[in-house]
Structure formats: C-alpha cells, structure tokens
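Have a look at the structure below, then the notes.
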Amino acid sequence: MKLTVNGKTRTVTAHPMKRLLDVLREDCGLTGTKEGCGEGECGACTVLIDGVAVDSCIVPLAHAEGRKVITIEGATATRTGKALQDAFVVHGGAQCGICTPGMILAAARLKPGASEHDIKVALAGNLCRCTGYPAIFRSVKSALKRGRAR
Amino acid sequence: MPANPTSLSLERPASLKAALSMLAADPALTPIAGCTDVYVGLQFGTLTERRFIDLWDLKELRGISVDRDVLRIGALTTYTAIIQSTIVQKRLPMLVAASREVGGAQIQNRGTLGGNVANASPAGDTLPVLAAANARIVLRNHKGTRTVAFDSFYTGYRKSVRQPDELIVAIEMPRIDGQQWWRKVGTRRAQAISKIMMAAVRGRDLRIAFGSVAPTVVLAAKAAAVLRGGGSIADAQAALETEIAPIDDVRSTGEYRMKVAANLLAQFWNETR
C-alpha cells in the first residue's frame, strides 16, 4: 500500500485495518507519534491526513492509502511547526512530552493571529496531564503571532 | 486485548452500487466509515465483528443539499462538514451546536452523521437533534430505497429497523418552523461522552427530545403536550418523568439524569418563546 509520509512516498506491506499509528511507528520507524489512550480521546497520536487532523490510533491504514500524511517529524520541518516547537520550549509547553507531538499537529492548522478561543477549540481533543494547559496555550499563542508563523 | 489486524477482513467497494452488491451477497459484513467507534471496540475487545466493508471513500454518500425545502445530509458527512456548512448553520443550528460538542477536532473530522445514527448508542449526540427535527432516515439496498421516520427507526437498545443488507445513505429534515434549542451536559465541554442531552423546537411545532435517558433517544411527547396546552412547567416535568427511564452507569446516575432532564426542560421553556 502506497502513502506519502512527510513528503516521502512509502510502500508499506501491512494489513489495511492496521492502525495508522502502528504503521507509522513500526513500519515507517517514525516513533514521534505517541500512543496515549488508544481510543481517540487524548489526541497524543494526532497526525495530519491531507492536512486534516486525525487520531491515528483510530484510523485504518486503508484510509491513508494514496494520501499525504504529516507526522511530528515532518511538521517541525515546516515554518509553523518549527515556530510551535520553539515556543513550546521557551514557554514550558512540554513537560513529560507525550502529548506534545499531538498538540503541535493539532495547532499546526491554526492561522496566524488565532484567538485564545480558536486555540482552545483546536486543542479541545488533546489532553495534557502535566501542564494544566495555560503553558500550552501561551506557547501556541506566541508561535502564531503574526509574522512568525505562515 | 486489542484485536490483531490479521484476524480482520476489509472489503473496499469503489462505488455505492458495488457496496450494496457486496452487502446483498454477504449481509454479515459490518459497514465502517470514520471508524471513531469501531476502533474503540476493537481496541478494548467489545466489538465482536471481524469482517468489515469500508464506505469512507464513497463520495456519493457525502454532501449537504436542499431539495423541495427538505435538507438532505449524506450519511458520510462529517461533523466538521456540518459545522462549516452555511446551509446547516441557517436551517438547523441545533445540529451545528451538537456537532461542535462531539469529541474534539480530530473526531469531528472523522465521525459521520450516518455513523452516529447507525451506531445507535443512547448517548449519540446528534440523535436528539434528529428526533426534534422530525428527521427521516433514507435506507438503500441493492433492490431500492426506503425512507423511515426517525421516530420509528430504533426498536430497542442499539437496535434499529435497518436490515443487514441496507446502508443508511442520507438523513432528511423538513423545514423547521420554530426556535431551536440544544444543550449537552457532560463532565467536560470537549471530548466527554454525554450524561444527558436535550434538543427541542418551539414554534408552530413543539418537539422535545432527550438522549442518554433511555435505551433509545426519547421524544418527550407528553411533556410537549402539557406545554402546548398551556400547562405549567411543573406539570410538564411531571409528565416527562413518566416517559424517560434514565439508569445509573459509569457516567452518571439515574437520579441525577432525571433531575437534570427536568431542569433542562425548564431552561428550554424559559429561554425560548
């Protein structure tokens, strides 16, 4: 089965019902995508398929066939992703780090200058058990300041 | 114990016609689309089905349109598509409100209206909206199409009149004459499964529906009749208590749900006119 992961075409030999999360981690060796709850509740495994944020623990490989998948490894290679990554470091947006890749990918679709409300809506499907969220919101807000992100 | 994918099978029809033929030949296949419930069941061993038919790429089942004043939403329309639709925002704002409270963005991007109906959970967030909106479910098999009033679609806990060879192809809603109202009560605004939810229409129509208070969604016809007849809120609440049967479960208690249902009814009546 063919899919594009972070701009690179990959041919994967795996069952079409295999979780995209497991395909990325096991077949592609991209372990930046984390498994949290395994039931689409926590958002730790968020990736983008054709630019749309999904929980990769509840997506079959079949639904990524022929599509463009972006994981945290690819996201931080973009200007917005890099700005988010840097801001999470500066503002203490990451503690244990398990939720961070998902937070960054869920935030990556926000437009520069997004309001606090927009940020909260975009991150509503991402749980963090360390920071209590304000540090994450500050990080995202800072990264999305006009001029920094694209 | 998560299901090993090699124990699963997946048919991938290229068209609706092909999907209906596959189901006619093998009605034991379980249709899947956004998979937001399916993978939870597979992961935690609560889903016994092993053979699936994938509808996700069937474009014929997507889309939102209005024809002869009837709003038609394709079964595979995602919550995100509903939230972004100016047609739905205008005609059925309570469905937009309900869709915004289903999970977070990742779930709204994958979960579908048809899936919420087919999954038949008593806690399905859009189901009270469809009941209050007097919706109809459009079912199709390889031989033809039939339309079922949403009121008579469910026959019991997680049971419906949908036959194994049929697919839900669309949900249709007539124009609503009246003010729409929606409220979900859960542990948290995002992600949490509902403790209770209520959707209602007040105008020429008065339709009041509750979710998570019985094995299926409940249209509170008695409570509505009291209010329509000019009765008091207290009398309507008393009538409501006779037509819902909330239970204790992991998310809440029957007593809490009964009290909150009565409170929601009063809140709706006070906030609308």
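The values are calculated or read from the model by the stated rules, or taken from the named source; none is laboratory data. The structure displayed is predicted, hence computed values, not measured ones. Heads up, the Cβs are rebuilt from the backbone with ideal geometry, glycines too, and the neighbour counts pull from every protein chain shown. With ligands, DNA and RNA removed, areas are computed over all heavy atoms of the protein, side chains included. Shrake-Rupley method; radii C 1.70, N 1.55, O 1.52, S 1.80 Å.
Points to keep in mind about this one:
- Farthest toward the positive end of the dipole of segment B:78-169, out of B:Gly103, B:Phe150, B:Val169, is the Cα of B:Val169, where the dipole comes from beta carbon charges about the Cα centre.
- Phi-derived couplings, Karplus 6.51 cos²θ - 1.76 cosθ + 1.60 at θ = phi - 60°, listed residue by residue for segment B:39-48: 6, 5, x, 5, 5, 9, x, 8, 9, 8 Hz, with x used for Gly and Pro.
- Dipole magnitude of chain A, debye to nearest 20 (Cβ charges: Lys/Arg +1, Asp/Glu -1, about Cα centre): 700 debye
- Taken residue by residue and averaged, Cβ atoms of other chains lying within 10 Å of the Cβ of A:39-45 number 6.
- Gyration tensor verdict on the protein assembly as shown (Cα atoms; rounded if a/c is under 1.5, prolate if a/b is larger than b/c, oblate otherwise): oblate
- Computed from Cα positions, the angle between helix B:16-25 and the longest principal axis of chain B comes to roughly 80 degrees.
- Computed over neighbours whose Cβ is under 11 Å from that of B:Arg12, the net charge equals -4, Lys and Arg +1, Asp and Glu -1.
- Going by accessible surface with a 1.4 Å probe and the largest first, A:His63, A:His91, B:His142 read B:His142, A:His91, A:His63.
- Under 17 Å from the Cα of A:Lys68 - lysines, other chains or at least 8 residues apart: A:Lys2, A:Lys8
- Dipole magnitude (debye, nearest 20) for segment B:1-140, charges at Cβ of Lys, Arg, Asp, Glu: 340 debye
- Built amide H within the under 5 Å cut-off of B:Leu10, gap 5+: B:Phe52
- When A:Lys82, A:Lys8, B:Lys195 are compared by accessible area at a 1.4 angstrom probe, the order from most to least is A:Lys8, A:Lys82, B:Lys195.
- Nearest-ten-degree value, helix A:134-143 long axis tilted from longest Cα axis of chain A: 90 degrees
- Entry note, the protein assembly as shown: the mean residue ellipticity at 222 nm calculated from DSSP H runs of n ≥ 4, each adding -39500 (n - 2.57), is -8500 deg cm²/dmol after division by the residues and rounding to the nearest 500.
- Among the listed pairs B:Lys17/B:Lys195; A:Lys141/B:Lys195; B:Lys159/B:Lys222; A:Lys120/B:Lys259, a Cα-Cα separation exceeding 27 Å is found for B:Lys17/B:Lys195; A:Lys141/B:Lys195; A:Lys120/B:Lys259.
- For B:Asn119, neighbours were defined as the other residues whose beta-carbon sits under 14 Å from its Cβ, and their charges (Lys and Arg +1, Asp and Glu -1) total +1.
- Point-to-point label distance, A:Cys130-A:Arg79, nm (Cα→Cβ direction, 7 Å offset): 3.0 nm
- Shielding by partners for peptide A:56-64, expressed as the average number of C-beta atoms from other protein chains within 10 Å of each residue's C-beta, is 6.
- Within a straight-line Cα-Cα reach of under 19 Å, A:Lys145 can be paired with the following aspartates and glutamates, leaving aside sequence neighbours fewer than 8 residues apart in one chain: A:Asp86, A:Glu116, A:Asp118.
- Stretch gain in nm, segment B:Ala28-B:Leu47, where the contour uses 0.36 nm per residue and the Cα spacing is subtracted: 5.4 nm
- Test item: Cα-centred dipole of segment B:177-235, Lys/Arg +1 and Asp/Glu -1 on Cβ, debye: 240 debye
- Across the options B:Leu219, B:Ile244, A:Phe137, the greatest Cα extent toward the positive end of the charge dipole of the protein assembly as shown (unit charges at beta carbon of Lys, Arg, Asp, Glu) belongs to A:Phe137.
- Cα lying deepest toward the dipole's positive end in chain A, options A:Gly125, A:Val90, A:Gly32, charges on Cβ: A:Val90
- Calculated from backbone phi, Karplus (6.51, -1.76, 1.60) coupling profile of segment B:169-182 in Hz, x at Gly/Pro: 9, 7, 10, 10, 9, x, 4, 9, 9, x, 7, 9, 9, 9
- Folded to 0 to 90 degrees: helix A:79-90 orientation relative to chain A principal axis, Cα: 60 degrees
- Peptide A:15-23 has a mean shielding of 5, counted as Cβ atoms of other protein chains within 10 Å of each residue's Cβ.
- Counted charge near A:Leu21, where neighbours are those whose Cβ lies closer than 12 Å (Asp, Glu -1; Lys, Arg +1): -2
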